[in-house]
Amino acid sequence: DPTGEPEGLLVHASDDYAPGIKASARINATLLALVRNEELPGMLQSMEDLERTWNHKFNYPWTFFNDVPFTDEFKEKTQALTKAECRYELIPKEHWEMPSWINKDIYEESVKMLLEQKVQYADKISYHQMCRWNSGMFYKHPALADTQYYWRVEPNVHFFCDVDYDVFRYMQDNNKTYGFTINLYDSPDSIPTLWPETLKFIAQHPEYIHENNAMDWLTDKARRPDHNKKAHGYSTCHFWSNFEIADMRFWRSKAYEDYFNHLDRAGGFFYERWGDAPVHSVALGLFEDSSRIHWFRDIGYQHIPFFNCPNSRKCRGCVTGRLTDGESFLHREDCRPNWFKYVGMG
Ligand code: GDP
Ligand code: MN
């Protein structure tokens, strides 16, 4: 298992970034959560974990986003869990609503097909909207205009390990664009034309491809040829984006903006069920220097049903090397070995 290496091989970036040793101002960054009022208990759980293991040492602000106003209860209970500033932001309608060029009839027909293929959440319009917002909208919210880095946090996730350094400073000092914990294969039926559309786009814009790209990782077909075939050339391997620590300058770049607009016009956020995870991952794999993408092996993390469990005494409640709870067939879904093979462990 990729995470099962002996302790001696563990990179603890913390040595250089420990608080007190190199006490310095906060980076321009925020913890960021898109969340519904009903998910308050799950959000409190995630916050408690991240505050306990990390943020109480650094006090990065939290920015909460919602397509409807947050309730007073949501605001009071989340703010009560942190000394840091909490911001509560409403998503503008034009960022959330189905765009005008999406044909409702085609959408309805498409949903039927997607459901036959058992594509999860295909019939929930809000899920399509959420994926599109996370793909191409969140970093355009006026509340983030002056913010550079974010750490995305979902309700009901777990953080297991004490992290003693400022991860945002680590990103900045090491010139990293994107940090992940887990790599998974996607349901190919949710993205049959994502790769073909991507190929069309890069044929029009070959200049956006980075010379040190991760194309081999994106197109691997050795381990799951079935996925590659159904997704028409994309392995479906992606950074699991419910966890991401990233520099928004990448999403705000001309390359990504043009790419997102191309995908948005193609309609796959609604006619298929393109997730923000494969969209982010394909863009990073093509347009970014792969050495600027970092595996946070030291951040113990769970979003059901998958874990990232480091080999470290700093972690509690995370079994070293574990990817899932019990069900070994789920190990087939882990494609981190591909990332390590083509790009390395960083
Ligand atoms: P899954 O992880 O793919 O099963 O999807 P989730 O249900 O966890 O949704 C992903 C993220 O988007 C979570 O942070 C949710 O709280 C959030 N989310 C999903 N749909 C909506 C919505 O309609 N409104 C709001 N405000 N948040 C949403
Ligand atoms: Mn989730």
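Just so you know, all these numbers are worked out from the coordinates, no wet-lab data involved. Treat the numbers as computed from the prediction; the structure is a model and nothing was measured. For neighbour counting, all protein chains shown are included, and Cβ atoms are generated from backbone atoms with ideal geometry for every residue, glycine included.
For this structure, a couple of remarks:
- Rounded to the nearest 500, the helix-only mean residue ellipticity at 222 nm of the chain stands at -10000 deg cm²/dmol, with each DSSP H run of n ≥ 4 adding -39,500 (n - 2.57).
- Segment 102-180 and segment 224-263: distance between their alpha carbon centers, rounded to Å: 11
- Here the chain is treated with +1 on each Lys and Arg Cβ and -1 on each Asp and Glu Cβ, and its dipole about the Cα centre works out to around 300 debye.
- Highest GNM mean-square fluctuation among 80, 214, 231, for the chain modelled with Cα contacts below 10 Å: 80.
- Using a cutoff of 8 angstrom between alpha carbon atoms and counting only pairs six or more residues apart, the relative contact order for the chain works out to 24 percent.
- Convex hull (Cα only) mean projected area of the chain, reported in nm² to one decimal: 17.0
- Viscosity 1.567 mPa s, temperature 4 °C, Stokes-Einstein D of segment 108-215 from Kirkwood C-alpha radius, µm²/s: 73
- Under 5 Å between amide hydrogens, built in the peptide plane, is the criterion, and for residue 148 it picks out 29 among residues at least 5 positions away or on other chains.
- Taking 4.7 Å between C-beta atoms as the pairing limit, the chain has these partnerless cysteines: 86, 131.
- What the Cα convex hull of segment 28-69 gives, in volume per residue, is 64 Å³.
- Length-normalised contact order for segment 175-233 - Cα pairs under 8 Å, 6+ apart - percent: 52
- Entries of 118/229; 124/221; 140/176; 57/176; 118/221; 124/230 with Cα pairs more than 25 Å apart: 124/221
- Counting every other Cβ atom within 10 Å of each residue's Cβ, 87, 132, 322 order from fewest to most as 87, 322, 132.
- For segment 182-285, alpha-carbon Rg and Dmax in angstrom: 12.8, 35
- Rounded to 5, the percent of DSSP beta bridges in the chain classed as antiparallel: 50
- The ranking of 309, 315 from fewest to most other beta carbons within 10 Å of each one's beta carbon is 315, 309.
- Taking a straight Cα-Cα cut-off under 18 Å and skipping sequence neighbours fewer than 8 places away in the same chain, the aspartates and glutamates within cross-link reach of residue 104 are 94, 123, 264, 272.
- Here the Karplus relation 6.51 cos²θ - 1.76 cosθ + 1.60, evaluated at θ = phi - 60°, turns the backbone of segment 313-319 into coupling constants of 6, 7, 10, 10, x, 10, 7 Hz, with x for every Gly and Pro.
- Taken over segment 132-190, the ratio of Cα radius of gyration to 2.2 N^0.38 Å equals 1.40.
- Peptide ranges 140-146, 336-342 listed from the most packed, as the mean C-beta count within 10 angstrom indicates: 336-342, 140-146
- Think of the chain as a dipole: +1 on every Lys or Arg Cβ, -1 on every Asp or Glu Cβ, centred on the Cα centre; then among 45, 213, 117, 213 lies furthest on the positive end.
- Exposure proxy ranking for 115, 44, 286, based on other Cβ atoms within 10 angstrom of each Cβ and starting from the fewest, stands as 115, 44, 286.
- Value of relative contact order over segment 44-202, rounded to a whole percent, pairs C-alpha under 8 Å and six or more apart: 30
- Relative packing of peptides 249-257, 31-39 - highest average C-beta neighbours within 10 Å first: 31-39, 249-257
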